[in-house]
Structure formats: C-alpha cells, structure tokens
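Contents: one structure, followed by commentary.
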Amino acid sequence: MTEPNPMNQANDMNELLAQAARVQAELQKAQEEILAAKVEGTAGNGLVKVTMTGGAELLDVTIDPSVANADDVETLQDLIIGAFKDAHAKAGQLAQEKIGPLSQGMGQSQQGYDGPSFQDVFGGGQ
C-alpha cells in the first residue's frame with residue numbers, strides 16, 4: 001500500500017482553492033449582471049406593464065388608459081398584480097439562467113436540481 005504524497009495533496013488543495021475562487025468570481029459577476037438587468041412583465045395582453053430589475057426593484061409601471069375605470073378598480077388592481085408577478089417570475093428565470101450553470105459540479109446532486117432559487121441568490125422574501 002502506498003502512502004499519499006503530501007506534495008500531490010497540496011497541489012490538489014491549491015487547485016481546489018483556485019477553482020473555488022474562479023466560481024466565486026463568476027457568481028459575483030452573474031449576480032451583478034442580474035441586478036443590472038431589466039425585465040418586463042405584462043398582464044391583460046399588454047394593457048399593464050411592469051419593469052423591474054433582475055433584483056426585483058420596481059422601475060416603472062405603464063397602464064393603458066382603457067383599463068383606468070373608476071367603476072372597476074379591482075380589475076386594474078388585478079392587472080397590476082399580474083404584471084408584477086410576471087416580471088418577478090422573469091427575474092427569477094434570469095437568475096436561474098445565470099446562476100444555475102455555475103452550480104454544476106459543486107457537490108450538489110444534479111438529478112432534479114435546477115440551480116439556486118431567486119431567494120437563494122438574493123435572500124429575503126421576494
């Protein structure tokens with residue numbers, strides 16, 4: 001039986017640390033890209049549009065005047081919520097696309113795993 005070579009173990013550890021540093025830098029870059037990205041959600045066939053950053057910061061709300069009816073405020077409220085949810089889902093999808101591939105080979109079983117969630121990346125109850 002041969003004993004492990006301490007030099008090989010040191011080289012393996014150095015390579016592992018270098019790989020971890022590369023992945024961490026790539027994750028940071030991906031997070032910055034996500035936060036800077038803009039996504040748009042719509043509802044009512046585009047009658048209401050919500051624009052937000054990939055980090056879920058609301059930037060703009062556009063409402064077609066045809067849905068601004070004082071007698072039917074509930075519909076407008078529902079459309080705004082729907083557009084926000086659509087934009088939020090797109091922000092989450094963007095995070096999955098940017099961060100998910102970086103999780104490959106990081107010790108997580110890939111069967112049934114589609115990468116970190118939006119909350120995993122940015123925390124909070126978005």
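The values are calculated or read from the model by the stated rules, or taken from the named source; none is laboratory data. Please read all numbers here as calculations on a predicted model, not as lab measurements. Cβ sites come from the backbone with ideal geometry, for glycine too, and all protein chains shown count toward neighbours. Ligands, DNA and RNA are excluded from the accessible area calculation, which covers all protein heavy atoms including side chains. Shrake-Rupley method; radii C 1.70, N 1.55, O 1.52, S 1.80 Å.
Miscellaneous remarks
- All of E57, E97 fail the test of being more than 12 Å from the chain's Cα centre (by Cα), closer than 30 Å to E26 by Cα and either without any contact (Cβ under 8 Å) to a residue 24 or more places away in the chain or open to solvent by 60 Å² or more (accessible area, probe 1.4 Å) (or both), apart from E57.
- Criterion violated by F118 - all others in (1) open to solvent by 70 Å² or more (accessible area, probe 1.4 Å); (2) of a type in the set (A, V, I, L, M, F, W, C); (3) at pLDDT below 95 satisfied: (1)
- Enumeration of residues in region 24-54 that are under 18 Å from the mean Cα position of the chain (by Cα) and assigned to a loop (DSSP other than H, G, I, E, B): A37, G54
- A count restricted to region 67-94 and to residues that are open to solvent by 60 Å² or more (accessible area, probe 1.4 Å) and in contact with a strand residue (DSSP E or B) (Cβ under 6 Å, 6 or more places away or on another chain) stands at 2.
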